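The structure appears right after this line, and notes come after that.
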Amino acid sequence: MQVEIVEDYIDISKKAAEIVKTQIKDNPSSVIGFATGDTPKGMYRELIKLYNNGEVDFADIKAFNLDEYYGLPKENPQSYHYYMMKNLFDFVNIKKENINIPNGMAESIEKECEEYEKKIQEVGGIDLQVLGIGRNGHIGFNEPDLKFEAETHFVELDEDTIKANSRFFHSIEEVPIKAISMGIKTIMQARKIILLAFGKEKGEVIYKAIKGEITPEIPASILQLHPNVTVIVDKETASFL
Ligand code: GLP
């Protein structure tokens with residue numbers, strides 16, 4: 001694992017955006033795995049700037065998002081579909097047909113998970129996966145567990161995750177308690193991974209993820225076994241390392 005310590009959130013966002021830009025320059029039809037949450041928002045803003053300056057072209061990329069809440073339609077402002085449109089896709093030239101996000105309203109959830117996984121495999125897997133990290137060590141919505149879930153699957157969210165994500169909703173009761181998430185194997189098959197974290201709040205979990213024991217209780221710790229992971233953190237997070 002390569003750990004890059006930068007000054008602050010803006011620098012994390014710029015560095016991450018540069019990595020995405022280089023990936024797309026090197027291979028314009030890259031398959032990129034995108035993440036949601038607060039952490040990558042700055043990176044998306046930087047990517048939009050780069051796009052407006054003609055420095056990056058999304059025309060041929062394929063996007064696969066990590067996860068989606070179960071039971072929220074695309075139009076719901078709290079859905080990850082909505083998030084991706086409003087934070088990136090509406091502002092760049094990605095083709096609609098190249099946007100892939102699990103359908104949280106699918107009639108058969110098992111079929112949706114299977115088909116999502118199949119689609120990722122059909123395009124040859126993910127070239128670059130962007131990750132944030134939950135306070136409990138989750139990546140995507142792979143929650144702490146007794147075993148690692150391999151492929152795209154249906155998840156029951158942890159209380160801690162529901163609490164953390166309630167900040168985006170009017171009340172905690174509105175937070176979905178289930179989700180669809182890429183699995184650990186899906187993520188680990190990505191050829192390159194960047195993991196972003198900032199602030200004191202993420203210090204302890206980043207420490208556990210990169211220096212602690214590899215255990216499904218801290219799902220991000222599995223990344224220690226991946227050959228090409230760059231962790232980008234600010235000084236506050238790094239003070240825990
Ligand atoms: C959510 C997402 C994750 C994300 C995490 C951290 O639960 N499913 O993909 O990494 O929250 O979010 P934040 O960046 O807001 O701390």
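The values are calculated or read from the model by the stated rules, or taken from the named source; none is laboratory data. Being a predicted model, the structure only gives us computed values, none of them experimental. Cβ coordinates were reconstructed from backbone atoms using ideal geometry, including for glycine residues, and neighbour counts include every protein chain displayed. What goes into the accessible areas is simple: the full protein's heavy atoms, side chains included, and nothing from ligands, DNA or RNA. Shrake-Rupley method; radii C 1.70, N 1.55, O 1.52, S 1.80 Å.
Details
- Distance between the C-alpha centres of the stretch 149-169 and the stretch 20-65: 25 Å, rounded to the whole angstrom.
- The chain - convex hull of the alpha-carbon atoms, volume per residue in Å³: 112 Å³
- Distance violations [Cα-Cα > 31 Å] among Lys25/Lys147; Lys62/Lys200; Lys49/Lys235; Lys25/Lys178; Lys15/Lys208: Lys25/Lys147; Lys62/Lys200; Lys25/Lys178
- What a 1.4 Å probe finds exposed on the chain is 48% carbon and sulfur by accessible area, rounded to a whole percent.
- Residues of the stretch 11-26 with amide N under 19 Å of the 7 Å Cα→Cβ point at Asn93: 20-26
- Percentage relative contact order, the stretch 2-238, counting C-alpha pairs under 8 Å, at least six apart: 25 percent
- The amide H of Tyr70, built 1.01 Å from its N in the peptide plane, has Lys178, Ala179, Ile180 as neighbours under 5 Å, considering only residues 5 or more places off or on other chains.
- Extended-chain gain in nm, criterion 0.36 nm per residue less alpha-carbon gap, Ile177 and Ser239: 19.0 nm
- Judged by the ratio a/c of the largest to the smallest principal axis of the C-alpha gyration tensor, the stretch 106-151 counts as oblate, that ratio being 1.5 or greater while a/b is no larger than b/c.
- Residue-averaged 222 nm ellipticity for the chain, from DSSP H runs of 4+ at -39500 (n - 2.57), nearest 500: -9500 deg cm²/dmol
- The overall shape of the stretch 70-210, judged from the alpha-carbon gyration tensor, is rounded, with an a/c ratio under 1.5.
- Within the same chain, aspartates and glutamates fewer than 8 places from Lys96 are excluded, and of the rest, those with a Cα less than 20 Å from its Cα are Asp57, Asp60, Asp67, Glu68, Glu75, Glu112, Glu115, Glu117, Glu122, Asp127.
- Summed over the residues of the chain and divided among them, the accessible surface reaches 46 Å² per residue at a probe radius of 1.4 Å.
- Separation in nanometres of the label points that stand 7 Å from Cα toward Cβ, at Met1 and Lys86: 3.2 nm
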